[in-house]
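Comments concern the structure below.
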Amino acid sequence: MPADLSFAAALIVGLLGSSHCLGMCGGIVAALNLGVAEDPGSKPRSLFIYQLAYNAGRICSYLLVGLLAGSLGAGLAQLGVSPLAGKLVAAAFMIALGLYLANWWRGLAVLEKLGYKLWHHIQPLGKRLFPVRNPFQAYLLGMLWGWLPCGLVYAVVAWSMTTNNAYDGAKLMLGFGLGTLPAMLIAGRVFNLFKDLARSPLVRTSAGVIIIAFGLYSGFNGLRSQHHHHQTDLSSTVSLQSITELTRVPAILRSVS
C-alpha cells in the first residue's frame with residue numbers, strides 16, 4: 001500500500017478505534033485534568049491548551065514507537081525475512097483488533113497484560129509531574145501516557161513494522177494518533193456524556209467489523225501482490241530463455257549448412 005494511502009488508512013483506524021479509546025482512556029483524561037494546579041473550569045481555553053499538550057505528548061510517543069518499529073522491520077527485511085510474512089502478521093493483528101473491539105475475542109488482552117509489566121516501571125514517573133502547573137508538564141505526562149498498554153496501539157505498531165523504514169513507520173503511527181485525537185479531546189470535556197455511547201455494543205461491533213474487513217483486505221492484497229510478483233519473475237525468466245534460444249538459431253543453422 002502506498003505511504004499516503006497507509007497514512008489515510010491509519011487515520012481511519014484511529015477514528016474507528018475511538019470507541020475503545022473513550023472507554024479505556026477517557027477516565028485517564030478526566031483524572032489528568034483534575035491534576036491541573038489552577039482551576040481550569042473557570043478558564044475553558046486554558047483547559048483546552050492542557051488537553052492539546054497531553055495529546056501532543058501521547059502522539060509524540062507513538063511517533064517514537066513508529067520509528068523503532070519501522071527500523072526493526074527494515075532490519076528484519078535485510079536479514080531476509082519475507083515482506084509477505086510481515087504483511088500477513090499485520091493483517092492478523094488487524095483482524096484480532098476488530099474482534100477485540102467487537103468483544104468477540106479478547107486475545108489482544110494478553111499483550112496488554114504483558115505491556116503492564118513495562119507500564120509498572122513508567123507509571124511512577126508520572127506522579128512526580130503532579131500537580132500539573134504548565135502545558136509543558138502536561139506534554140511530559142502525555143508522553144508517559146503514550147506507553148499505556150493498549151491492544152489497539154499494538155496492532156498498529158505491528159502494521160508499522162511492515163513499512164520497512166523508520167520514516168514511514170513514524171508516519172503511520174502519526175496518522176493513527178491524529179485519528180484518535182478528536183475522541184480524546186472530547187473525552188477531556190464531556191467524558192461522562194460519551195462513555196456510554198463509546199461502550200455500546202452497536203458502536204464497538206460496527207468499528208470491529210470494519211477493521212476486520214480492512215485486515216482481510218490487507219492480507220489478501222499482500223498475497224495477491226506476492227502472486228503477481230512471482231508471475232512477473234516467471235515471465236521474465238521465460239522471456240530471457242526464449243531470447244537466449246533465438247540467439248542460438250543462426251549458429252545452429254550455420255552448423256547444419
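The values are calculated or read from the model by the stated rules, or taken from the named source; none is laboratory data. Since the model is a prediction, treat every value here as computed from it, not as a measurement. Note: ideal-geometry Cβ built from the backbone for every residue, glycine included; neighbour counts use all protein chains shown.
The set of residues from segment 124-148 being exposed (fewer than 14 other Cβ atoms within 10 Å of the Cβ) and assigned to a helix (DSSP H, G or I) comprises PRO124, LEU125, LYS127, PHE136.
Quick grid of which residues meet (1) at pLDDT below 80; (2) under 22 Å from GLY175 (Cβ atoms); (3) assigned to a helix (DSSP H, G or I); (4) over 13 Å from the mean Cα position of the chain (by Cα):
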position: PHE7; (1), (2), (3), (4): no, yes, yes, no
position: ILE12; (1), (2), (3), (4): no, yes, yes, no
position: CYS25; (1), (2), (3), (4): yes, yes, yes, yes
position: LEU32; (1), (2), (3), (4): yes, no, yes, yes
position: GLY41; (1), (2), (3), (4): yes, no, yes, yes
position: ARG45; (1), (2), (3), (4): yes, no, yes, yes
position: LEU63; (1), (2), (3), (4): no, yes, yes, no
position: LEU72; (1), (2), (3), (4): no, yes, yes, yes
position: ALA77; (1), (2), (3), (4): no, yes, yes, yes
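Taking the listed residues TYR154, TYR167, TYR139, the one that is under 26 Å from ARG106 (Cα atoms) and among the hydroxyl-bearing types (Ser, Thr, Tyr) is TYR154, with no other qualifying.
Would you confirm whether any residue within segment 102-121 is surrounded by 15 or more Cβ atoms within 10 Å (Cβ to Cβ), touching a strand residue (DSSP E or B) at 6+ places or on another chain (Cβ under 9 Å) and over 17 Å from TYR62 (Cα atoms)? The answer is no; no qualifying residue exists. Scanning segment 149-177 for residues that are surrounded by 24 or more Cβ atoms within 10 Å (Cβ to Cβ) and part of a loop (DSSP other than H, G, I, E, B) yields a total of 2. Taking first residues from segment 116-135 that are under 19 Å from LEU52 (Cβ atoms) and partners that are β-branched (Val, Ile, Thr) and modelled with pLDDT under 80, the Cβ contacts under 9 Å between residues at least 6 apart in sequence or on separate chains come to PRO131/VAL36; VAL132/VAL36; ARG133/VAL36. Taking the condition modelled with pLDDT of 80 or more, more than 17 Å from the chain's Cα centre (by Cα) and farther than 21 Å from PRO149 by Cβ, does TYR50 pass? Criteria met by TYR50.
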